[in-house]
Structure formats: C-alpha cells, structure tokens
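Note sheet for the following structure.
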Amino acid sequence: MRHVTPHERLLAQARDPRLTTSALLAQALEAVRQDWESDQDIHNPALLILQQRVTEEVFVAASTLCMRPDPAERHLGVLILREFPGLGRPKPFAVRALPVLERLVERETDALVLSFAVSAIGWQQHPLARPLLLRFLHHPDAALRRLVASNLTCCDLANPLPPESIRAYEQLCQDPDDDVRWYAHATLQDLVEYAVPLPPAQKAALTRLLAGG
C-alpha cells in the first residue's frame, strides 16, 4: 500500500465537502488570534487546508479579509493568499491577488501583517509583482528590504534578473543591514546552484554581483 504524503492528505481535505469554507475560516481565524497572543507557534490545520482549496470562494473570502479593520483578519487573508497554493505550484489567482495585496500594503499599519503581505506579493511568482516589491527597496524597515532581497528573483522564473532587478540587487548587496546583504547574496547564489538559465547579460551581472560579495 502506497504511503499518502502530507500534501496529498491536505489536498484530499481541501476537496472534502464536509469541511465547509466558512467553518475552516472560523477555525483558522481563531488559531491566528491565539498565535498573536502566544509566545509559541500555534498549529493551524484549517489554514493549511484553505491554502490548498484554490477556489473562487476561498479567494473572495481571503480578499475580503485583507480589507477588514481587524488586523488578525487581514493577517489571515494574507496568509491564505501567500500560499495559495504555494511556491512552485500554479497560481491561478495571482493576477487578481496582486491588486488586493497592493491595496493592503498601501495602507497597512500593522508591522506583522505588512511583512507577510510583502512576502505574499513575491510568492505570487508573477512579473507584475516585481514593481510592487521594488516599492520597498528603500524602506526604513530592514526586515522589509530583506523580503525584497529574498523574493525579487521569484517574480518571473523565466526572467529572474531584468535590468531593474539588477539595479536593485546592486543596492541590496551593499545594504547597511547584515541580514539584507546576506539574503541578497544567498538569493543570487541560488540562481547558480539551481542552474537557472540566464541570458548572457544577466549571467554577467550575476557573476559581478556575487564577486562583489
């Protein structure tokens, strides 16, 4: 008998009609609230199922949560969209998710929600995410600049280092914050280790940036 992987189990739960989206949202929100109040990470199985239930219903619910006045609700909406359904998997709602995330980051005042929203933008793996991430290139919060460094090449896996990204990494690799510089170099090094095919100009720029580190 073949072993069922955790991801396959999540997919099965996401398809289970007995697990209603409304009930999962309520459970996931309760876990998010507990996580905010606890010093320990709170396991959130309902969130994991919602992230794999890539349907119009869940997308609309998550988008609505992103606009709610309660930061815990916005946090849940962002968490759903961030891994909807996850890195390296098709993103059928990316084009529609990005304007939702853009509106959120333009007015977000909670630091935790903002950081997850910026990460969620990169995780859409779409070229339209690049200009949104670049808005945070000079943000005074180093944690947000770090998210730019670690997500910028993911915006378009077929074109990870266009000229605007090369210019951004020239700054990120010289950032005054140690973590930002480390993530910038580590992200660029990943392109080498995973043998991402690059046009000659991008390959030359990558070699120069890494040599400077």
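The values are calculated or read from the model by the stated rules, or taken from the named source; none is laboratory data. Since the model is a prediction, treat every value here as computed from it, not as a measurement. No Cβ is skipped: glycine too gets one built from the backbone with ideal geometry, and neighbour counts run over all protein chains shown. Please note that ligands, DNA and RNA were not included when accessible areas were found on the heavy atoms of the full protein model with its side chains. Shrake-Rupley method; radii C 1.70, N 1.55, O 1.52, S 1.80 Å.
Things to note:
- Rough spin-label spacing in nm, given labels placed 7 Å along Cα→Cβ, for Gln171 and Leu157: 2.8
- Nearest-ten-degree value, helix 142-151 long axis tilted from longest Cα axis of the chain: 90
- Mean residue ellipticity (222 nm) of the chain, computed from DSSP H runs ≥ 4 via -39,500 (n - 2.57), nearest 500: -20000 deg cm²/dmol
- Using a Förster distance of 45 Å, the FRET efficiency for Glu106-His3 (Cβ separation, nearest 0.05): 0.50
- For the chain: accessible area per residue (Å², 1.4 Å): 52
- A simple packing score, the average count of other Cβ atoms within 10 Å per residue, orders the peptides 77-83, 22-28, 58-64 as 77-83, 58-64, 22-28, with the highest score first.
- C-alpha long axis of helix 56-65 to longest principal axis of the chain, angle in °: 80
- Here the stretch 120-213 exposes an accessible surface that is 57 percent carbon and sulfur, computed with a 1.4 Å probe and the other protein chains kept in place.
- Expressed as a whole percent, the accessible area of the stretch 17-100 that falls on carbon and sulfur atoms is 55 (1.4 Å probe).
- Nearest 10 degrees, 0 to 90: helix 178-193 Cα axis against the chain principal axis: 90
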